[in-house]
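Read through the structure below, which is laid out as structure tokens, and then see the notes.
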Number of protein chains: 2
Amino acid sequence: MNLEQLKRIVGENGWLGESDDLSAYVTEWRGSWHGATPLVLLPASTAEVSAILKHCHAERIAVVPQGGNTGLCGGAVPDESGQQVVVSLRRMNRIRSVSPDNFSLVAEAGCILANLQAAASQVGRLFPLSLAAEGSCQIGGNLSTNAGGVNVLRYGTAREQVLGLEVVLADGSVIDGLRELRKDTAGYDLKQLFIGAEGTLGIITAASLRLFPEVTGVGTALLAVDSAPQAVRLLAELRRSLGDQLQAFELISAPAMELVSRHIADTRNPLDDGPPWFVLLETASGDDGAMLEQELMRATGAGLLSDAVLAKSEAERQALWRIRHAVSEAQKHEGASLKHDVSVPVGAIGDFIDAASRAVSNYCPGARVIAFGHVGDGNVHFNVSQPPDWPAERFIALRADMADLVYREVAKFAGSFSAEHGVGVLKREALLRYRSPVEVELMRRLKAALDPHNIMNPGKVL
Amino acid sequence: MNLEQLKRIVGENGWLGESDDLSAYVTEWRGSWHGATPLVLLPASTAEVSAILKHCHAERIAVVPQGGNTGLCGGAVPDESGQQVVVSLRRMNRIRSVSPDNFSLVAEAGCILANLQAAASQVGRLFPLSLAAEGSCQIGGNLSTNAGGVNVLRYGTAREQVLGLEVVLADGSVIDGLRELRKDTAGYDLKQLFIGAEGTLGIITAASLRLFPEVTGVGTALLAVDSAPQAVRLLAELRRSLGDQLQAFELISAPAMELVSRHIADTRNPLDDGPPWFVLLETASGDDGAMLEQELMRATGAGLLSDAVLAKSEAERQALWRIRHAVSEAQKHEGASLKHDVSVPVGAIGDFIDAASRAVSNYCPGARVIAFGHVGDGNVHFNVSQPPDWPAERFIALRADMADLVYREVAKFAGSFSAEHGVGVLKREALLRYRSPVEVELMRRLKAALDPHNIMNPGKVL
């Protein structure tokens, strides 16, 4: 492997080698995957990315594209061979243009999501993609994994925010597809190929993205409901009455709420601990929640919820969201947990959680299901904490079998074993098992057509 | 070509042959293209479509998939060779399931768009795709062309309505991808390939589609504005104040309005004829337009519009929309017209119309630009009527040169030569000229990977 040629392409400040600390580039941030690389390239332009891939294509050098490295499935780290070069997009972090009239902007792949949100906000626009890692994840990674987050109910996933892409293909050729158009039926929509492909078909170097009007007058409430199916009925009713004002609708199980109350000092459940399920919802109605309050009173009268509290200030709103965001943190205090980011049709959420919980109990008595998630999108984070008296290692050893057990239940409800985290290396086996042979074969055909030498993030997804 | 085998697959009532009247299947509905076919197949199931393609793949028989045959670019009719078999999906017209809780339904490809809208409405849900041909176009065709229509500003194009697809590939294998999930990152998103591919990569046989809450309390207004850029500023201001309530924002030029008033008996412009541009807009605010009225008063105060009339009844609302929908009809009374369905960034609409109008005047003095369209999406129907004193044939002979002149202006504004009508046979030359060689080459690579024997709608798109 001739690394000198690659170093020359990016220049003196454009690479890190074996004498540098590369741990941030070869290790998944939670420590689940440790890889190795002889070279981290930090290109500063699309032309440099193109030259890198042209060289790697000719020399059959494997390339691992990397954004903020905040993924959860190991898709952005090199394998342990030491033969894969990392291409970090972090120096390509400019906002190239902002067009308030067109409700769009063009950002380079290495732009941090929070910076992109801020650039939109500065001109009175909203970029709605929002997720826990937004302070460090990069838009190129968000698009390559088709990220979800908390606003999908209203705005859709990352895919739906994309108007155009600039992409460098495996052979170094560049698709200059940064059109900022809402309607464009001029041939195959090539950008769709690269969204959610986890860097296995090419490298996204820039994107033109859709903006929305800024939201004002948010209403936020925490509700108690009797069952998950009741939450689904409430969701349908509120979508009917509030329409698009409904932006987020998150479900939290009582055990999840209980863990948060027990372990996270700065949180407090303002409702009784009694009910089995809680819903955190948010509306953008321009009236600071007045209409939401009215609709919740109506829903209470209709027996769709048993208790509710509305945030009366931004501080109260933050406190309610803090509960939701603290679930994962709280789980850490209870030892090991096995996590499953899955989706099912919204109407099936209650039955799925019941069935999967029973399957978990039968398989591992004493294990505790901590279910929560973006119910409005059918996305359940179906996490399982270890039995309290087990050593962590014993529980972690169940990872593959537990995943298979959960994914089998997901399949019964026509769901997906990966809702918003992608495949990476973690879920390759699941992809082969739960997608049909025809689908897998077509994915392989696409991979071969776009990356004939298999240099783009090999070993990921397929 | 052994047609008997194909006839056996679909059975006695499943085909039409040379002794039948095939004109509806081989002629584009406006009469712009006339083809020929020895056989129209009318499969009744996905299994039959699969058997047809398996046979055609093995025997190298070209197949033209056809929905309602309402397209405008010749994409759904066979060529003149008489060697292409038509596969009409019209007998596959069932709604397979409706899931109000999941805000989704599953429809077969031959389902007429209006029937699909009605099925959603019956359970209090909205299927938002809406366009002039909705009484006869089929959802399979809508998806294969990524149709647009009047609600794109709020709901996006056909692509954004799709949760999953069932597709028969060129070799007859079936992708059973009818998942009804809002989040699914389990490998490449294969369905995206077939949306907008105009039947050249496979046949869509069914789709799971996204539904929305039904809209109540619509507000509709016709406004007079001083210029197209002013309309764009007004749009941005109303999106800010009305948010997602703004569903449609259509621009009509004074010459277009004048033609409608002159030729269409049942229309009346309720505003003065003076202003150079009109805007027809619609909101869904649940208040029958009260908030719209208030915002329009504010916008008048800010100098963003010069006159406005709000519909006070459903009859008045229909009358305003009648003006918009009558533009094409009115143009027919003025002789031949050359039509260009293009898009540019929303902020560039005014400058594009000015520049393209100047180019038309220079090229063909006396020709009259009739511009209108879905401004909220940057989609301009840039139509040009013949000089009044010319014979129609002389003007029609300018078709190719006029298109090139308009598309060149579109390209200067980073727009698309096809906004919502696709490529078909009409715009293949434009595709080669206005998409980059890298893009065209990648489209060809996809075509070869999915349809190696080039049996799927050959001669269309590429």
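The values are calculated or read from the model by the stated rules, or taken from the named source; none is laboratory data. None of the values given here were measured: they were computed from a predicted structure. Every residue, glycine as well, gets a Cβ built from its backbone with ideal geometry; the counts of neighbours run over all protein chains shown. Heavy atoms of the whole protein, side chains included, go into the accessibility calculation; ligands, DNA and RNA do not. Shrake-Rupley method; radii C 1.70, N 1.55, O 1.52, S 1.80 Å.
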Worksheet item: So which residues in region A:404-424 are open to solvent by 40 Å² or more (accessible area, probe 1.4 Å) and more than 7 Å from chain B (Cβ to nearest Cβ), if there are any at all?
Response: A:Arg408, A:Ala411, A:Lys412, A:Phe413
Discussion item. I need every pair where a residue in region B:436-456 that is within 7 Å of chain A (Cβ to nearest Cβ) has its Cβ under 9 Å from the Cβ of a residue that is small (Gly, Ala, Ser) and in a helix (DSSP H, G or I), sequence separation at least 6 or different chains.
Written reply: B:Leu442/A:Ala449; B:Arg445/A:Ala449; B:Leu446/A:Ala449; B:Ala449/A:Ala448; B:Ala449/A:Ala449
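Each row is one residue, and each column tells you yes or no for (1) of a type in the set (A, V, I, L, M); (2) under 17 Å from A:Asp226 (Cα atoms).
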residue: A:Leu280; (1), (2): yes, yes
residue: A:Leu296; (1), (2): yes, yes
residue: A:Ala311; (1), (2): yes, no
residue: A:Leu320; (1), (2): yes, no
residue: A:Asp351; (1), (2): no, yes
Fill in: Candidates A:Ser136, A:Ser130, filtered to the one that is closer than 19 Å to A:Thr283 by Cα, out of contact with any His (no Cβ under 7 Å at 6 or more places or on another chain), of a type outside the set (D, E, K, R) and away from every other protein chain (no Cβ under 13 Å)
A:Ser130
Practice prompt. Go through (1) open to solvent by 10 Å² or more (accessible area, probe 1.4 Å); (2) part of a strand (DSSP E or B); (3) charged (D, E, K, R) and name the single condition A:Glu250 misses.
Written response: (1)
Worksheet, complete the sentence: Condition set of a type in the set (A, V, I, L, M, F, W, C) and out of contact with any strand residue (DSSP E or B) (no Cβ under 6 Å at 6 or more places or on another chain), scope region B:333-347, selection farthest from the other protein chains (Cβ to nearest Cβ): answer is B:Ala336
Discussion item. Give me the residue from region B:348-358 that is within 14 Å of another protein chain (Cβ to nearest Cβ) and not aromatic (Phe, Trp, Tyr) and, out of that set, most open to solvent (accessible area, probe 1.4 Å).
Written reply: B:Asp351
Practice prompt. For residues that are free of Cβ contacts under 8 Å to residues at least 60 places away in the same chain and assigned to a loop (DSSP other than H, G, I, E, B), tally how many sit in region B:33-55.
Written response: 9
Worksheet item: So is A:Ser136 open to solvent by 10 Å² or more (accessible area, probe 1.4 Å) and either among the aromatic types (Phe, Trp, Tyr) or part of a loop (DSSP other than H, G, I, E, B) (or both) or not?
Response: yes
Worksheet item: Among (1) open to solvent by less than 60 Å² (accessible area, probe 1.4 Å); (2) of a type outside the set (A, V, I, L, M); (3) assigned to a helix (DSSP H, G or I), where does A:Asp287 come up short?
Response: (3)
Worksheet item: Do you know which of the residues in region B:425-435 that are facing chain A (nearest Cβ under 8 Å) and either part of a helix (DSSP H, G or I) or open to solvent by 30 Å² or more (accessible area, probe 1.4 Å) (or both) is farthest from A:Ala170 (Cα to Cα)?
Response: B:Ala430
Item to complete: Working carefully through the options B:Thr157, B:Thr185, find the one that is at pLDDT 95 or above and under 21 Å from B:Asn457 (Cβ atoms).
Response: B:Thr157
Item to complete: Within region A:1-17, track down each residue that is surrounded by 12 or more Cβ atoms within 10 Å (Cβ to Cβ) and part of a loop (DSSP other than H, G, I, E, B).
Response: A:Met1, A:Gly11, A:Gly17
Worksheet item: Which number in (1) open to solvent by less than 40 Å² (accessible area, probe 1.4 Å); (2) more than 10 Å from chain B (Cβ to nearest Cβ); (3) out of contact with any Leu (no Cβ under 8 Å at 6 or more places or on another chain); (4) at pLDDT 95 or above marks the one condition that A:His381 misses?
Response: (4)
Discussion item. Being assigned to a loop (DSSP other than H, G, I, E, B) and in contact (Cβ under 8 Å) with a residue 60 or more places away in the chain is the filter here; which residues of region A:89-99 pass it?
Written reply: A:Leu89, A:Arg91, A:Met92
Item to complete: All but one of (1) assigned to a helix (DSSP H, G or I); (2) open to solvent by less than 10 Å² (accessible area, probe 1.4 Å) hold for A:Ser361, so report the exception by its number.
Response: (2)
Worksheet, complete the sentence: For region B:325-347, the count of residues that are within 11 Å of B:Phe413 (Cα to Cα) and open to solvent by 20 Å² or more (accessible area, probe 1.4 Å) equals 2
Worksheet, complete the sentence: Picking from A:Ala58, A:Ala24, the residue that is closer than 30 Å to A:Arg399 by Cβ, free of Cβ contacts under 8 Å to residues at least 60 places away in the same chain and surrounded by fewer than 24 Cβ atoms within 10 Å (Cβ to Cβ) would be A:Ala24
Worksheet entry | Test: A:Ala330 is part of a helix (DSSP H, G or I), of a type in the set (A, V, I, L, M) and at pLDDT 95 or above | no
